[in-house]
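J.: I am attaching a structure below and will ask some questions about it afterwards.
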Amino acid sequence: MDLINPAKKRSKKSYKNSGTLVLESIVVSRLYSFLDYITHGCELNFVVGVDFTGSNGDPRSPGSLHSITSGSMNEYQNALWSVGKVCEQYDSDKQFPSFGFGAKIPPHQTFSDIFPLNLNMQAPDCFGIDGIMAAYQQCVYQVKLWGPTNAAPIVNRVADMAQQEHQRIKSLSSRVKLAKSYYVLLLLTDGVLTDMQETKKAVIRASHLPMSIIIVGVGAADFKDMDELDGDDERLRLGTSVAERDIVQFVPFRKYSTVRTTNSKLILFYEESNLPE
């Protein structure tokens, strides 16, 4: 292949080339999208994490982001419903591990970085988006909103799930044809993370696993930390560690507060995401 300098070609009649490029080998690799995996039998596992820290405001106060009034949904409920209805379509068993974080929980009002949304330690799964919504409504008035806002524990919990499943599939005979599992964590929070460095470390670890994270920003706080986790412009890094791929999509809910615009943004994210083998 001749390497041509257009300026030299125009100015010199005798010009032939500025060198020759020889390709000794070419490898073409296909990068599979989220929808490729789903249509070929990949099992989607949807996990929910809800922020119950004190910055959300007392649920009994009308100004709280967790305030529940008859006949209307608060921002957390709207976000859960909008995003959950998308993810529910791709999860065959409709059993969703659902967690809260950043609150004191019954019966002894002990602080917990992560706890079942239904407050059932033995069975944290909720059935379908309706089950998640019901568990959320019951949980709001049973826990005491506290802090700090630590996201790393729940990211690591889901990463552990993805790691275990990934190792299980790898250990099987290649002749055993089972669908791979992919994990999606929906993380709803109202503001700045207290453990940003630990969360970066957890996200970078998770980027090597079959897992994605959807962060929905609820309320009107400063979400610049979330933009940093969302590696649209460059891959997330912490020191010398760099994420293998962009696994975080941040959605400020008040900007994309309708079901249609939220769903379109999420579907576009999945279509453009390259998932691990």
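J.: Among the GluC sites (Glu not before Pro) in segment 217-258, which ones are in a DSSP loop with at most 12 other Cβ atoms within 10 Å of the Cβ? Mind listing them?
T.: Of the GluC sites (Glu not before Pro), the ones in loops of segment 217-258 whose Cβ has at most 12 other Cβ atoms within 10 Å are Glu234.
J.: Are there trypsin sites (Lys or Arg not before Pro) in segment 108-194 that DSSP puts in a loop and that have at most 11 other Cβ atoms within 10 Å, and which ones?
T.: Passing both the DSSP loop test and the Cβ count: Arg175, Lys177.
J.: Rounded to the nearest 10 Å², what accessible area does Val192 show when all protein chains are kept and the probe is 1.4 Å?
T.: Using a 1.4 Å probe on the heavy atoms, I get roughly 80 Å².
J.: Can you tell me what share of the DSSP beta bridges in the chain is antiparallel? A percent to the nearest 5 is fine.
T.: Expressed as a percentage, antiparallel bridges in the chain total about 40.
J.: Let me see the P(r) profile for segment 106-155: every Cα-Cα distance counted, bins of 10 Å, each bin given as a percent of all pairs.
T.: So the P(r) values, bin by bin, are 23, 54, 23.
J.: Given 4 °C and 1.567 mPa s, compute D for the chain with the Stokes-Einstein relation, Rh being the Kirkwood radius over Cα pairs; round to the nearest whole µm²/s.
T.: 63
J.: FRET efficiency for Lys16 and Asp130, Cβ-Cβ distance as r, R0 = 51 Å, nearest 0.05?
T.: 0.10
J.: How long is the gain from Asp93 to Ser70 if the chain were fully straight, where each residue apart is worth 0.36 nm and the alpha carbon distance is subtracted?
T.: Value of the extension gain: 5.2 nm.
J.: If one computes the Cα centroid of segment 160-235 and of segment 100-146, what distance in Å separates the two points?
T.: That distance is 21 Å.
J.: Enumerate the amide H contacts of Ile213 below 5 Å, restricted to partners 5 or more residues apart or on another chain; note that Pro and chain-start residues carry no placed amide H.
T.: Residues meeting the amide H criterion: Leu185, Val248, Gln249.
J.: Could you work out what % of the accessible surface of segment 50-209 is carbon and sulfur, using a 1.4 angstrom probe and leaving DNA, RNA and ligands out of the count?
T.: 52
J.: Taking 35 Å as R0, compute the FRET efficiency from the Cβ-Cβ separation of Ile4 and Lys180 and round it to 0.05.
T.: The calculated FRET efficiency here is 0.15.
J.: How high is the relative contact order of segment 14-113, given as a whole-number percent (alpha carbon pairs under 8 Å, six or more residues apart)?
T.: 29
J.: A further question on this structure: From zero up to wherever the largest Cα-Cα distance of segment 16-101 sits, split into 5 Å bins and tell me the percent of pairs in each.
T.: For segment 16-101, the binned pair fractions read 3, 10, 14, 14, 11, 9, 7, 6, 5, 4, 4, 4, 4, 3, 1, 0 percent.
J.: Another question, if that's okay. GNM, the chain, Cα, under 10 Å: largest mean-square fluctuation among Leu119, Leu80, Leu23?
T.: Of Leu119, Leu80, Leu23, the Gaussian network model singles out Leu23 as fluctuating most.
J.: Report the chymotrypsin sites (Phe, Trp or Tyr not before Pro) located in segment 128-219 that are in a DSSP loop and have at most 11 other Cβ atoms inside 10 Å of their Cβ, or state none.
T.: Filter output for segment 128-219: Tyr141.
J.: For segment 13-164, treating each Cα as an identical point scatterer without solvent, what Debye log10 I(q)/I(0) comes out at q = 0.16 1/Å?
T.: -0.93
The values are calculated or read from the model by the stated rules, or taken from the named source; none is laboratory data. It should be emphasised that the depicted structure is a prediction, and the values quoted were computed from it without experimental measurement. With ideal geometry, Cβ positions are generated from the backbone for all residues, glycine too; neighbour counts draw on all protein chains shown. For the accessible areas, the whole protein counts, side chains as well, though only heavy atoms, and no ligand, DNA or RNA atoms are used. Shrake-Rupley method; radii C 1.70, N 1.55, O 1.52, S 1.80 Å.
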